[in-house]
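See below for the structure under consideration.
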Amino acid sequence: MFKDVTVGQYYPTDSIIHSLDPRTKINFTFLYIISLFLINNFTGYLVAFLFLVGIILLSKIPVMYVVRGIKALLFIILFTVVINLFITPGTPRFEFWIFTITEEGIALAVFMALRLIFLVTGTSLMTLSTSPIALTDGIEYLLKRVPIVKQYAHELAMMMTIALRFIPTLMEETDKIMKAQKARGADFESGNLFARAKNLIPLLVPLFISAFRRADELAVAMEARCYRGGENRTRMKELAYNKRDYAAYFITILMVVIIFLTRYSPI
Amino acid sequence: MAIELINLEHTFSEGTPFEHKALDKISLTIDTGNFIGLIGHTGSGKSTLIQHINGLIKPTGGTVVVDDLDLSHKDTKMAQIRRRVGLVFQYPEYQLFEETIEKDIAFGPTNLGFDKEEVSKRVVEAMESVGLDYNEYKDKSPFDLSGGQMRRVAIAGVIAMKPDVLILDEPTAGLDPRGRDEILEEIQTMHDKFKMTVILVSHSMEDIAKYADKIIVMYKGKVEFYDSPSSIFKESERLIEIGLAVPQVTELMKKLKAVDPLVDEGIFTVEAAKEEIMNMIRRRNNV
Amino acid sequence: MYYSKKGGERKDIMNNNIRKLTYTSLMIALVFICTVVIAIPSPLGGYINLGDAAIYISSYFLGPALGFLVGGFGSMMGDLYLGYVPYMIGTFVIKGTMGIVSGYLFKKDKFLLGILFGLIIMVLGYYVFEILLLQNVLSPLVNIPFNGIQGSIGSLVGYTLIQAIKKSKLVASI
Amino acid sequence: MKDVISIKDVTYRYIQDEEENTALNEVSLNIKEGEFLAIIGHNGSGKSTLSKLMNGILMPTSGDIKIFDLNTKDPENIWKIRQSAGMVFQNPDNQLVATIVEEDVAFGPENLGVSPKEIRQRVDWALDIVGMLDYKKQKPHQLSGGQKQRIAIAGILAMKPRCIILDEPTAMLDPSGRREVINTIKHLNKDEKMTIVHITHYMDEIVDADRVIVMEKGKIAMEGKPREIFSQVEKLTSLRLDVPQITELAFELSKEGIDIDSNILTVDEMVNQLWQSN
Ligand SMILES: Nc1ncnc2c1ncn2[C@@H]1O[C@H](COP(=O)(O)OP(=O)(O)OP(=O)(O)O)[C@@H](O)[C@H]1O
Ligand SMILES: Nc1ncnc2c1ncn2[C@@H]1O[C@H](COP(=O)(O)OP(=O)(O)OP(=O)(O)O)[C@@H](O)[C@H]1O
Ligand SMILES: [Mg+2]
Ligand SMILES: [Mg+2]
């Protein structure tokens, strides 16, 4: 049941977006988030929207997948909209009972909703088009450029890789232990909150112990393969920028500049 | 306690691109008190099959009936099923979790709702059945034991539920040859003593040949054969074709038969092979 | 730390750092799993996950520094999987801090205090982060009860589990 | 021929809850270049301890171990030793590090600082030898046990070792996985001229070994060619081991006074002997 989890909901296609260097996509995402917070009018959102739609189309990922992230945050987005509607002072537009909705309130609520939706969609797009492994490589490379952190960049990336490698294995193990305990009469499905939490002990204790044992065996196996940290280590594949990455950087910068300019637009 | 599988089907991830039919229209009856060997290539559906027998997996088609209990029926309580059918998984020592051996073995019977007295009686019996001295071991941590002993504790944890049907998925993996024999002997003894129905999943044709009175052979989710060992091991070509093997002595008998047609090829234990070869030699010396 | 009783004699070409690395990695994987698959239905609707319990266990056995990494990365990957991408950075900081602080207090033998502080950091942390994300102080309030229950269950399970694993005598702290 | 590994009077004690547990007791053993050595013995007889000593993962409590004349006690040698005596472990899952097969195989040479171009060549070469080249872009968790174990072997091969030590590489595999791994090991020994140390509980896996060591309670109890070892059925049984069914049958027959060698190892040999002698 758990066999094929891909962390991060990677959706592989053969698109140009997928083939970009992960560093390009990470940097783009950062700049995109910053631009979102720069926007202060409809023109700005329109520009951001057009960029987003363009990228979605290029990525060949079904729109349904891209917007799925919104569902997870729907409740809090709606609540934020409602709050903004009612608490923003300004020119009253509607009034009923003790509530007043102002024009500024409506504008702010719509802006907030748009910003959150764009934020969710844009970031999901990056994780949908970049495999967790590529993402890890990209992060490692970028961390190597950050002072202080840079001496740990290799170890951090190694940790992420091993964690990704073991997630499916441990998921299968979870399933197995759960079944084994059920066969001994354990009940994971009924009882109140506290009873259920307590019933998980026969699952979680063996699971953690098994993870400890695996960690131990893995350490020995890595040592036997001459692992000694990041020093003097080479890589089979080095990340390398292509022409399309430079093009992507150009477009990204263009986007930031245009969005910045929209701040001076009248609407 | 008869087990009846009627048109049993199981499809994983039904309706997705990962759809996979693991069991395909399986119908068979296992009689009370049988010692069944279950063999089949990797991925043939053995584990999926046995998990149906104690309700851990629900069929996507067909039913499982254990005695009078229809497992796919809504009113059937899981506790009733677990009480009748005990399942020992592969590497069962990885499911131990309690501080002491006694507590760990008591986990199953306690879950079934027995009172303290009954539980501790069962723990004593179960430990005895797997050859662990109660007084010496009860207060030890299960994690202080050797691999073979941990395996025994885990098996005892299921035995203590006193199931009528005991299913074991490769109980001897990773043990040395003596450890292997000891565990199988203990299972055999329990089978004889409590008239327990035993289903043993194993990759070792020699072990299956030695202990089982009937063998189920699975191939790609279907039952290929279900018969006595002597008839099944006669089908050596087919067995090899579907990724299995025959015991070495069966292979030998087959080759001997090629030169002496009177040789019986349905032989699978060293004892019987010895007899047959002695007969063969006598025959030849008489000529 | 070393699995299997007190462990063998390793005079020491054995680089303890590798062991720290693999334990941390595996615990990241477990925090992820406890966050996304092992869930209990919650009275407020939705599911309570046990990611927090896994963080306490990690920070207890691995100490504050590694606890930070485990809490931060494990939970961040959980967000990635569950579609809470905008929360990732916040989660990294909040859960990481939870790992550090509880790990530090556990080390000082302040067991309950460690769990309590972890809980407070989590609830307050998400509140503050959502203020930044949503740009107002009111709407994030709705999540406080949910986080509170979530955290309490996590604390409870974490507490019980640490006791159980300790008793199994299998693991000695680093 | 030269000795690849020479073990001299080695004792190893684990310290556990202040108690000492002697896992190996004054063991001496030499392994020749190109040899296929099999080690068997009951659970806890010290096989794994011995193998970890050969690779410098454990240090002897007393005595010396030399790999190609390099003493494992000298910290300077350790990386050279681990590179030339590679190790494969029981659980295929717990030795794979990376999320993609080829990247896992590259892990060893990357640690050694080999150039990217050469790593690429070595990875393809190693995957080819174990017959897994077609799987290089796969994720390890989608492979069967036997395939994972072959990837683990490829990961060691890519470090270009001269000797491979395998600690129960088949214990967790089903028969087809076992066959895959055993064939790979034999291929490495015969065609790639690699020295092999193979630890196992399966008697049928050692029939083709050049030499067999039987361990008992931290000591070497028997040593010889498979045929010599298997002819001593009773001694093996007393050491918690057994013999292939066919050898047992030969033993039983010869007890009955039938003229047959009691060290038969294969079915064909048995057929021949029964046919010729009687
Ligand atoms: N949870 C699952 N989700 C999807 N497919 C599954 C799942 N469990 C098993 N399968 C598939 O169902 C088939 C039967 O698996 P099963 O585990 O029953 O085989 P088996 O005969 O026990 O094999 P083995 O000898 O390796 O234990 C296999 O192809 C397997 O990949
Ligand atoms: N990490 C450890 N700490 C303490 N004692 C240990 C440790 N590992 C092994 N031992 C002990 O050392 C002895 C030899 O163990 P070893 O693992 O070498 O045996 P083995 O022959 O490999 O057994 P198996 O066939 O079960 O793998 C045993 O008595 C065992 O209990
Ligand atoms: Mg199975
Ligand atoms: Mg061993």
(message) If I filter the range B:15-53 down to residues being within 16 Å of ligand 3 (Cβ to nearest atom) and at pLDDT below 90, which single residue comes out as nearest to the other protein chains (Cβ to nearest Cβ)?
(response) B:42
(request) Might you check whether a residue that is touching a Gly at 6+ places or on another chain (Cβ under 9 Å), closer than 19 Å to residue D:51 by Cβ and within 16 Å of ligand 4 (Cβ to nearest atom) occurs anywhere in the range D:184-196? (result) no
(message) For the condition surrounded by 18 or more Cβ atoms within 10 Å (Cβ to Cβ) and in a helix (DSSP H, G or I), what is the one hit in A:119, A:78, A:74?
(response) A:119
(request) Output the residue which, of all residues in the range A:1-21 that are in contact with an Asp or Glu (Cβ under 7 Å, 6 or more places away or on another chain) and within 14 Å of chain C (Cβ to nearest Cβ), is modelled with the lowest pLDDT. (result) A:1
(message) Filter the range D:153-180 down to the residues that are within 20 Å of residue D:50 (Cα to Cα) and away from ligand 4 (no atom under 16 Å from the Cβ) and list them by number.
(response) D:153, D:156, D:161, D:162, D:163, D:164
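Does residue B:121 qualify as being within 21 Å of residue B:195 (Cβ to Cβ), over 25 Å from the mean Cα position of the chain (by Cα) and either assigned by the TED database to the domain that holds residue B:198 or basic (Lys, Arg) (or both)?
Judged against the criteria, residue B:121 is a match.
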(request) Read through the list (1) more than 9 Å from every other protein chain (Cβ to nearest Cβ); (2) within 27 Å of residue C:19 (Cβ to Cβ); (3) of a type outside the set (A, V, I, L, M, F, W, C); (4) touching a Ser or Thr at 6+ places or on another chain (Cβ under 9 Å), then give the number of the only condition that residue A:136 fails. (result) (1)
(request) Evaluate the range B:182-197: report whether one residue or more is within 16 Å of ligand 4 (Cβ to nearest atom) and either touching a Cys at 6+ places or on another chain (Cβ under 6 Å) or assigned by the TED database to the domain that holds residue B:92 (or both). (result) no
(request) Could you give me the residue pairs with C-beta distances under 9 Å whose first residue belongs to the range D:9-29 and is within 14 Å of another protein chain (Cβ to nearest Cβ), whose second residue is within 16 Å of ligand 1 (Cβ to nearest atom) and among the small types (Gly, Ala, Ser) wherever it lies, and which are 6+ apart or on separate chains? (result) none
(request) Output the residue which, of all residues in the range B:254-287 that are among the polar types (S, T, N, Q) and surrounded by fewer than 15 Cβ atoms within 10 Å (Cβ to Cβ), is nearest to residue B:235 (Cα to Cα). (result) B:279
(message) Restricting to the range B:84-102, name every residue that is facing chain A (nearest Cβ under 8 Å) and away from ligand 1 (no atom under 16 Å from the Cβ).
(response) B:86, B:95, B:96, B:97
(request) Hey, could you check the range A:144-157 for residues that are of a type in the set (A, V, I, L, M, F, W, C) and without any contact (Cβ under 8 Å) to a residue 24 or more places away in the chain and say which is nearest to the other protein chains (Cβ to nearest Cβ)? (result) A:156
(message) For the range D:59-68, give me each residue that is part of a loop (DSSP other than H, G, I, E, B) and under 23 Å from residue D:158 (Cα atoms).
(response) D:68
(message) Out of everything in the range D:152-169 that is part of a helix (DSSP H, G or I) and in contact with a Gly (Cβ under 6 Å, 6 or more places away or on another chain), what residue ends up being surrounded by the fewest Cβ atoms within 10 Å (Cβ to Cβ)?
(response) D:156
(request) Give D:233, D:267, D:197, D:243 a once-over and let me know the one that is β-branched (Val, Ile, Thr) and at pLDDT 95 or above. (result) D:197
(message) Can you say whether residue B:177 is within 16 Å of ligand 2 (Cβ to nearest atom) and either touching a strand residue (DSSP E or B) at 6+ places or on another chain (Cβ under 7 Å) or not hydroxyl-bearing (Ser, Thr, Tyr) (or both), as far as the supplied structure shows?
(response) yes
(message) Looking at residue D:172 and the list (1) part of a helix (DSSP H, G or I); (2) within 16 Å of ligand 3 (Cβ to nearest atom), which single condition is not satisfied?
(response) (1)
(message) Checking the condition farther than 24 Å from residue C:87 by Cβ and at pLDDT 80 or above, which residue from A:46, A:31 passes?
(response) A:46
(request) For the range D:54-68, indicate whether the set of residues that are within 16 Å of ligand 1 (Cβ to nearest atom) and acidic (Asp, Glu) is non-empty. (result) no
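The values are calculated or read from the model by the stated rules, or taken from the named source; none is laboratory data. Since we're looking at a predicted model, the values are computed, not measured. Cβ: placed from backbone, ideal geometry, glycine included. Neighbour counts: every protein chain shown.
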